[in-house]
Amino acid sequence: MKKSLLIVCGLAIAAAVEAQIIHVPEDYPTIQQGINAAASGDTILVAEGTYYENINFLGKKPLIVTSEFLMDADTNHISNTIINGSQPANPDSGSVVIFTSGEDTTSVLCGFTITGGTGTFLAAAGNGRAGGGLFITGSGGKLLNNHIENNFVYNEGWVSGGGITAAGPDVPLEWLVLRNNRINNNQAISENDLADGGGFYGSYNLILKDNQISYNRADGYLGGNGGGVVVIGSGPIEIDISENEITHNEAEATTGTMNYNALGGGISLLFDITGHVSDNVISYNRINAPGNHVSHGAGAFIEYITSNGFVFENNIVNQNFAITTQNCHGGGLSLYRSGGLYQNNVIQNNSVSHAGGINIMESKEVSDTAILINNTITGNSATFGGGIEAIVSNVVLINTIIWNNTASYGISIRNGGSNLEVRYSDVEGDDAWPGEGNVLCAPQFLADGYHLDYTCMLLNKGISSIVIDSVTYNSPQYDIDGDLRPYWGEAPEIGADELLTAEPIGKLISPSIDIYPNPASEKINIELTGEKFNAKNSVSVLDITGQELILQKVTGSKTEIDISSLPAGVYFIRLVGNDHIAPLGVGKFVKY
């Protein structure tokens, strides 16, 4: 029986008036038969049950394939509506779900358990095998509220994506959106080659948000890369990886006679990538490379990403470790020939042989400068470089706590031939680390080990803006909790947390900033409410690094700002007063 399609659970899919709901198994006994019969704009609504199928979207868009979760948001539907791909008609096509015919983000899979997949054989990719749960190539897609679990991709040659692979031919790069999924207990195992992405492997534009990615494994004879997630830029690509839990994943180099690598126990990001990695928890991941084999990044590995347009912020990276510690670099983060902006992160209680907190290696070019601002690096352990080890690199370190780390050589920082600028930071050692504004003060933390206690003496010890070698660096506009920085006074705190010691002027006035349209391309309107606004107030537009791009006087309760000259991206609005130091209010908008 077919019904007219109404608005279902707020999914923003443009549907034709004649779009229909196709019920499985009432109208068609299998999901694939429902897809075969569907027209553009239809919805395939699948009742609870186990469906032993390997389905293909066949390039149909818009198309929603969903469980009854879409109707009432009852998560029991996800667990009870199972697509099991363990019985493929062709063993070379063992992925549970396939997008290979130009699908895009209007092709939606929602509310299923995806399991039993063994991947798709790829003769053209060196007899590789990819995508246990989902195989996506030459296409985009949108995956919402699914459990992608217990898929297993095994091959003698190269393998990728125990849970999901989204990669393929050189076509205009699609967007892939994954929100609110669980990607757990998937494996990518290669007997004689490389294994990439135990949970997810992708090389397309990506939004990866609000997912749980746990207990996945990438294990290859020649190396394992990205136990939880691998993203490889090819184009370049843009990413938004935010608010995920990436925990208990493993990357392993199994054996062999060469110097094989294990990279990125939790996540690996490689090559031509721009965008944000923010507000994630990256914890309890591990790397394993037996003998003297090299491994990098128990928590996260970042390779060949330049500083322009890449931001890693507001992440908690803790409790990551190496099983074998003989030659492992970067317990929390490992940066190899990479730069970027790293701010408001907590790098805590990680353990490897080299650089318990952050390893920065061979970032020789100015474009590879690693910029670390307002981070808290504490409780990490290593033989060389408890907090940071910087080898032949360019590093700028501002407003950062490096304290209570342990190492045989370099308790806080081990510098091996790097150009290392340290300013307004709190670095543990026999003497204060040389550099403007640096202090030597044991920070007092709350029980979580990174929020500052009110007795801590780091209040206003940082700096909001500083010029180093003709380059201006700014502290982020918010701390790791989203509180204004500086919250009170002329200067921010050192570390990821801003102490809320008093009510700033902005809080007393309690203004509201309404920004519209948002997103915008040419102009935005700033509408202000608050009885104390006056002609002494100004509005500034700042980029994601805190650089002020536009400063404009407030002409009343409503002000128009021309943003046509700005490149596409995310920007912040800050309302300030000429007679006040503290910000009066903040907002955010997107330029497209």
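The values are calculated or read from the model by the stated rules, or taken from the named source; none is laboratory data. Please read these numbers as outputs of a predicted model, since none were measured by experiment. Positions of Cβ are generated from backbone atoms using ideal geometry, with glycine treated the same way; all protein chains shown enter the neighbour counts. Please note that ligands, DNA and RNA were not included when accessible areas were found on the heavy atoms of the full protein model with its side chains. Shrake-Rupley method; radii C 1.70, N 1.55, O 1.52, S 1.80 Å.
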Counting DSSP beta bridges with both ends in the chain, the antiparallel % (nearest 5)
20 percent
If the viscosity is 0.890 mPa s and the temperature 25 °C, what Stokes-Einstein diffusion coefficient in µm²/s follows for region 316-384 when Rh is the Kirkwood radius over Cα pairs?
205 µm²/s
How large is the helix-only mean residue ellipticity at 222 nm for the chain, computed as the sum of -39500 (n - 2.57) over DSSP H runs with n ≥ 4, divided by its residue count, in deg cm²/dmol to the nearest 500?
-500 deg cm²/dmol
Once a ≥ b ≥ c are taken as the square roots of the eigenvalues of the Cα gyration tensor of region 358-397, is the result rounded (a/c under 1.5), prolate (a/b larger than b/c) or oblate (a/b not larger than b/c)?
oblate
Positive-pole candidate from Gly449, Gln477, Val467, dipole of region 447-499, charges at beta carbon
Val467
So what is the relative contact order of the chain, in percent, for Cα pairs below 8 Å that sit 6 or more residues apart?
5 percent
The chain, accessible surface, carbon-and-sulfur percent (1.4 angstrom probe)
50 percent
Quote the charge dipole size of the chain about the Cα centre in Debye, to the nearest 20; the model charges only the Cβ of Lys and Arg (+1) and of Asp and Glu (-1).
420 debye
Once you list every other residue whose beta carbon is under 15 Å from the beta carbon of Pro29, what net charge do they have if Lys and Arg are +1 and Asp and Glu are -1?
-4
Quick check for you: with a 1.4 Å probe and neighbouring chains kept, what is the accessible area per residue of the chain, in Å²?
37 Å²
Going through the cross-link list Lys142/Lys558; Lys209/Lys553; Lys60/Lys591; Lys61/Lys588; Lys209/Lys588, which pairs have a Cα-Cα distance over 28 Å in this structure?
Lys142/Lys558; Lys209/Lys553; Lys60/Lys591; Lys61/Lys588
